[in-house]
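Enquirer: Below is one structure. I have some questions about it.
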Amino acid sequence: MELMLPELDRRKTQTAVEAALEKYRIYKTIAFEEREVMVTASYAERFHGATNVTGDSTARTAIYNVDVQRARQAYCDTIDFVVSRLSEKERVLVRERYLKDDDVFDYKVYNHVFDPPVSKDTYTKIRTRAFYKMALALSDRGLINMEPLSASRKERQKLG
């Protein structure tokens, strides 16, 4: 029994993983704004539907507030777990370049963060490996769809 790993288009994979990491960064840096229940009377004209339907806006709001916060936390925990499973260089690259609050450029990471500094080509190889591993892991968890990332037959023939 041989396990075949999928061939992925590097640019599409990078775009998808960067989108997932950007979502992580947004969730971590921007506070969740809880919805509040409207408790004051509204004097606007309302047209009623069926009279046997009841609605509990307080419960809906409370459920929304809890569920969205929990989903955000679960997403961030999943990304943290996937990143923690990468090799040391890959983990440093992803954390420093994509998970920090401020925008850091690639050249700053490969010149100043890595000790000793690495070349741009080595940095690109490390990033490509990290994104491939992350794409597979995030796909297993249902956060990335692998179908559009697969390299087509024409692209594979071009690669050799």
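Only the coordinates and a few stated rules stand behind these numbers; no lab work does. Bear in mind the structure is a predicted one, so any value in this text is a computation, not a measurement. Quick reminder, even Gly has a Cβ in these numbers, built from the backbone with ideal geometry, and neighbours come from all protein chains shown.
Enquirer: Determine the shape class of the range 65-118: with a ≥ b ≥ c the square roots of the Cα gyration tensor eigenvalues, call it rounded for a/c under 1.5, and otherwise prolate if a/b is greater than b/c, oblate otherwise.
Expert: Oblate shape, in that a/c is at least 1.5 and b/c is the bigger or equal ratio.
Enquirer: Label ASP101 and CYS76 with points 7 Å out from Cα along Cα→Cβ: what is the distance between them in nm?
Expert: Inter-label distance under the simple model: 1.2 nm.
Enquirer: Now, a different point. Kindly put MET4, MET38, MET146 in sequence by how many other C-beta atoms sit within 10 Å of each C-beta, fewest to most.
Expert: With the fewest neighbours first, MET4, MET38, MET146 line up as MET4, MET38, MET146.
Enquirer: Return the label of the correct value of Rg and Dmax of the Cα atoms in Å, as calculated from the structure shown, out of [x] 18.5, 55; [y] 22.3, 72; [z] 17.9, 68.
Expert: [y]
Enquirer: Put a dot 7 Å past each Cα toward the Cβ at LYS12 and ASN111; how far apart are the dots in nm?
Expert: Using points 7 Å along Cα→Cβ, the separation is 3.4 nm.
Enquirer: Next question, about the same structure. What order, most packed first, do the peptides 73-83, 128-138 have when packing is the mean number of other Cβ atoms within 10 Å of each residue?
Expert: By packing density, highest mean first, the sequence is 128-138, 73-83.
Enquirer: What is the local net charge at ILE144, summed over the other residues whose Cβ is closer than 15 Å to its Cβ (Lys, Arg +1; Asp, Glu -1)?
Expert: +1
Enquirer: With a point put 7 Å past each Cα toward its Cβ, work out how far THR124 is from THR61 in nm, to one decimal.
Expert: Roughly 5.4 nm, to one decimal.
Enquirer: Which FRET efficiency value, to the nearest 0.05, is calculated for GLU34 and ARG141 with the Förster distance at 35 angstrom and r the Cβ-Cβ distance?
Expert: It comes to 0.85.
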